Amino acid sequence: MNQEAHAQPFGSIDFIDLKAQQDRISAPLKAAIDGVLAHGRYIMGPEIGTLETNLSEFCGAKHTITCSSGTDALTMALMALGVKPGDAVFVPSFTFASTAESVAFLGATPVFVDVNENDYNLSIESLESAYASIKDHDLKLVGIIPVDLFGLSADYDAIKSFADAHNLWIIADAAQSWGATYKDKNIGQLGNITTTSFFPAKPLGCYGDGGAICTDDDLLAEKMRSIRVHGKGSDKYDNVRLGINGRLDTLQAAILIEKLKIFADEVQSRQRVAQYYNEHLENVIKTPIIEKDRGCAWAQYTLDLGEAGKREAVQATLKAGGIPTAVYYPLPLHLQTCYKDYPSAPDMSVSENLSQRVFSLPMHPYLETDIQDHIIETLKRALS
Ligand SMILES: *Cc1c(COP(=O)(O)O)cnc(C)c1O
């Protein structure tokens, strides 16, 4: 290594390195793509069924339905549950837009709930106070969409007892947490329906848009398979319900079949990378807190600076060292232009504060220790 180039010893560091993974499986990937080009069944080809079987085997859900994106997965799940105008669905505010967008898109009302300071996930106390503040409105409270933010599962036992007490369904938005575990269960087995995303930057990503839905419920599965193809019935030209064009491309399924083969190994590598960051940073900054009974998929490695106003300078120092960072999320949903008129829990201060304090470091399964050392040293310098 060139000792003089101490500021940026590694040239450009990737925030997420998709190339290293591609190099690792390039031969089987190319063979899989060639296979689709050879049979030419680009829509609902045989790879779709194979991938769905493999995903169900991976997570233990009875049914897996692949689809066009994580956003469409949410929309199709909500459609299958019959969500309509006048219905209200609890969603965390500190998340990506899709979680609330899918609810609002169907004319229903997202009700924003605050998150926990420690794990960034839906707060039960806030859920209770949102419920108390909304129950006299002219809205029918129908469900909850917890999000497993940054790859860590929400507290499903607590959310489920709340849901059962109030007769609500749960859609687990697992767009960031495929491969994570909660107690003795895999993501995909929690909630009435689980949705995930195969957007390239997610833990399991394809080379375009894609997503999947898991459920153990036969009737919901059948409805979602129908909704995926315009609400088809047994006769393709007699549509029995409103649907969408929600299919995953066969090409993306072929790619995902290959990526899924190395995915468990990649989750372990992410775990190792996160552990290394934790060990070397816990004395200088608040590192992620993972309860012992959860396995995190580490979609992001997010740090909390503890106070507003410091982030820009820290990011600038890292950038000068050639280290890319990102902020998820700079504005909670309940403050965004599109969503600010929807109801929220009386106190949303945790989401509001976190959005000014958090930032994420490079995280992927192929991050090498010497690069991590450079990131850690540069961050320590930025914080001192
Ligand atoms: C990425 C993401 C989605 C949407 O997934 P797409 O495949 O991009 O549509 C939904 N929810 C959360 C929490 C996400 O991070």
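The values are calculated or read from the model by the stated rules, or taken from the named source; none is laboratory data. On a predicted model such as this, the values are computed, not experimentally measured, just so you know. Glycine gets a Cβ as well: all are built from the backbone with ideal geometry, and neighbour counts include every protein chain shown. Keep in mind that these areas ignore ligands, DNA and RNA; they rest on the heavy atoms of the full protein, side chains included. Shrake-Rupley method; radii C 1.70, N 1.55, O 1.52, S 1.80 Å.
With all pairs of different alpha carbon atoms counted, what Kirkwood hydrodynamic radius in Å does the stretch 289-384 show?
It works out to 15.3 Å.
When only C-alpha pairs under 8 Å and at least 6 residues apart count, what is the relative contact order of the stretch 110-210, in percent?
Relative contact order of the stretch 110-210: 19 percent.
Putting +1 on Lys and Arg Cβ atoms and -1 on Asp and Glu Cβ atoms, find which of A274, V284, N353 reaches farthest to the positive end of the dipole of the stretch 266-384.
The one lying farthest along the dipole's positive direction is N353.
Take peptides 36-45, 208-217, 12-21 and line them up by average Cβ neighbours within 10 Å, highest first, as a rough protection proxy.
Highest-to-lowest ranking by the protection proxy: 208-217, 12-21, 36-45.
Considering the dipole of the chain built from charges on the beta carbon (Lys and Arg +1, Asp and Glu -1) around the Cα centre, which of A180, L379, A73 is farthest to its positive end?
A73
If you filter the stretch 233-296 for GluC sites (Glu not before Pro), then keep DSSP loop positions with at most 12 other Cβ within 10 Å, what is left?
Answer by residue number: E282.
Rounded, prolate or oblate for the stretch 169-268? Axes are the square roots of the Cα gyration tensor eigenvalues, ordered a ≥ b ≥ c, and the cut-off for rounded is a/c under 1.5. Spell out each step's value before the answer.
Values: a/c = 2.64, a/b = 1.44, b/c = 1.83.
Oblate.
Just the accessible area per residue of the stretch 83-202, please: how many Å² with a 1.4 Å probe?
About 33 Å² of surface per residue is accessible.
Under the definition of Cα pairs under 8 Å and six or more residues apart, what whole-number percent is the relative contact order of the chain?
For the chain, the relative contact order is 23 percent.
Taking a ≥ b ≥ c as the square roots of the eigenvalues of the Cα gyration tensor of the chain, is the shape rounded (a/c under 1.5), prolate (a/b larger than b/c) or oblate?
It comes out oblate by the Cα gyration axes.
Taking 51 Å as R0, compute the FRET efficiency from the Cβ-Cβ separation of R41 and N283 and round it to 0.05.
0.35
Carbon and sulfur atoms: what percent of the 1.4 Å accessible area of the stretch 159-240 do they account for?
C and S atoms contribute 47 percent here.
According to the Cα gyration tensor, what semi-axes, each the square root of 5 times an eigenvalue, does the equivalent ellipsoid of the stretch 103-193 have, listed from largest to smallest in whole Å?
Equivalent ellipsoid semi-axes, largest first: 22, 14, 13 Å.
Based on Cβ point charges of +1 for Lys and Arg and -1 for Asp and Glu, what charge dipole magnitude is obtained for the stretch 237-285 about its Cα centre, in debye rounded to the nearest 20?
140 debye
Under a point-charge model restricted to the Cβ atoms of Lys and Arg (+1) and Asp and Glu (-1), what is the dipole moment magnitude of the chain relative to its Cα centre, in debye to the nearest 20? Spell out each step's value before the answer.
Details: 33 positive and 49 negative charges, 151 e Å.
My answer is approximately 720 debye.
Peptides 327-334, 110-117, 367-374: what's the order by average Cβ count within 10 Å, highest mean first?
So the peptides 327-334, 110-117, 367-374, ranked by packing, come out 110-117, 327-334, 367-374.
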